[in-house]
Amino acid sequence: MIRKVGLYILSLWLLFLLSIILTIDIPMYWGDDWIFIGIEELLRRNIVPLISILGLIIGAISFYDFNHFLSGTRQMTYAIVEIENKESEHLSFLTTYIIPLICFNFESDRYVVVLLLLLIVIGIIYIRTDLYYANPTLAILGFRIYKVKLARNDISKSNIILISRNKLSLRDFVSYKKLDEKIFYSYKN
C-alpha cells in the first residue's frame with residue numbers, strides 16, 4: 001500500500017514542478033541598497049512551492065524504493081502469447097488529472113485547500129482501482145505498459161498488466177516481479 005501511495009505521489013511530479021514555476025515568489029532587486037526580506041517572510045510567500053518541493057522529494061524517494069524493489073528475485077519465465085500496448089494510459093492520466101489542476105488559483109487559500117482535497121480523492125481512487133501503473137512520470141523515465149496473456153507449459157495468466165523498461169512483443173520471453181494481483185514488472189529474457 002505504501003508503495004502504491006509513493007507511486008501516486010511520483011505520478012504528480014509534473015504537477016509539483018509546474019506549481020513551483022507558477023507560484024515561487026523570490027523578490028529580486030539588483031540595486032546597491034537591497035535588503036533581505038527575511039527567512040520568515042520568504043517562507044510565508046512560498047508555502048505552495050515548499051509543499052511541492054516536499055512532494056518532489058517524496059516522489060524521488062518512492063522512485064528509489066521502486067527501483068530497489070525491482071532489483072529483487074524474479075519469478076519464472078513465461079512467453080507472451082497475447083499483447084496490447086497500453087502506453088496511452090500514461091497520457092490519459094496526465095491530460096485528465098494533472099493538466100487541469102494547473103489551472104487552479106494558487107493565490108487563494110480556498111483553491112489550495114480544494115486542490116489538496118482533490119489530490120487526496122484522486123489518490124484514493126488511483127490506489128483502490130490499481131491505476132498506479134498509469135504513471136506519466138514512469139513514462140518519462142522510460143517505462144512502458146502492456147496488457148498481456150502469459151503462458152508456460154500448461155499454465156497461463158490472462159489480463160496481466162506488465163510494466164517494463166523494454167519494448168515487448170508477441171512471443172518474447174519474460175520473467176517478472178509481482179507488484180499486485182494483476183500488475184507485474186517484467187524483465188525481457
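The values are calculated or read from the model by the stated rules, or taken from the named source; none is laboratory data. None of the values given here were measured: they were computed from a predicted structure. Reconstructed Cβ throughout: ideal geometry from the backbone, glycine too, with neighbour counts over all protein chains shown. Calculation scope for accessible area: heavy atoms of the full protein, side chains included, ligands and nucleic acids excluded. Shrake-Rupley method; radii C 1.70, N 1.55, O 1.52, S 1.80 Å.
Simple rule: put +1 on each Lys or Arg Cβ and -1 on each Asp or Glu Cβ in the chain, find the dipole, and look at Ile124, Ser158, Pro27; the Cα lying farthest toward the positive end is Ser158. Accessible surface computed residue by residue for the stretch 101-153, with neighbouring protein chains in place and a 1.4 Å probe, gives 56 Å² per residue. Across the stretch 103-189, C-alpha contacts under 8 Å between residues 6 or more apart give a mean separation that, scaled by the residue count, equals a relative contact order of 18 percent.
Using the Cβ of Lys149 as centre and a radius below 15 Å, the other residues enclosed give a net charge of +2, where K and R count +1 and D and E count -1.
Would you mind finding the longest exposed-site-free stretch of the chain, with exposed GluC sites (Glu not before Pro) meaning DSSP loop and at most 13 other Cβ atoms within 10 Å? Maximal segment without exposed cleavage sites: 1-86.
Remark: relative contact order (the chain) = 27 percent; criterion is Cα-Cα distance under 8 angstrom and separation of 6 or more residues. Scaling against 2.2 N^0.38 Å puts the C-alpha radius of gyration of the stretch 7-75 at 1.62. Answer rounded, prolate or oblate for the stretch 117-189, using the Cα gyration tensor with square roots of eigenvalues a ≥ b ≥ c: rounded when a/c is under 1.5, else prolate when a/b is larger than b/c, else oblate. Oblate. Take the convex hull of the alpha carbons in the chain; its mean projected area over all directions comes to 13.1 nm². The residues packed around Ile124, meaning those with a beta-carbon under 14 Å from its beta-carbon, carry a net charge of +1 if Lys and Arg are +1 and Asp and Glu are -1. Dipole magnitude for the stretch 136-189: about 120 debye, using +1 per Lys or Arg Cβ and -1 per Asp or Glu Cβ, origin at the Cα centre. Loop sites by DSSP among the chymotrypsin sites (Phe, Trp or Tyr not before Pro) of the chain, restricted to those with at most 12 other Cβ atoms within 10 angstrom, leave 37-189 as the longest stretch without any of them.
The 1.4 Å probe gives accessible areas that order Val148, Val5, Val112, largest first, as Val5, Val112, Val148.
Accessible surface ranking for Arg171, Arg128, 1.4 angstrom probe, highest first: Arg128, Arg171.
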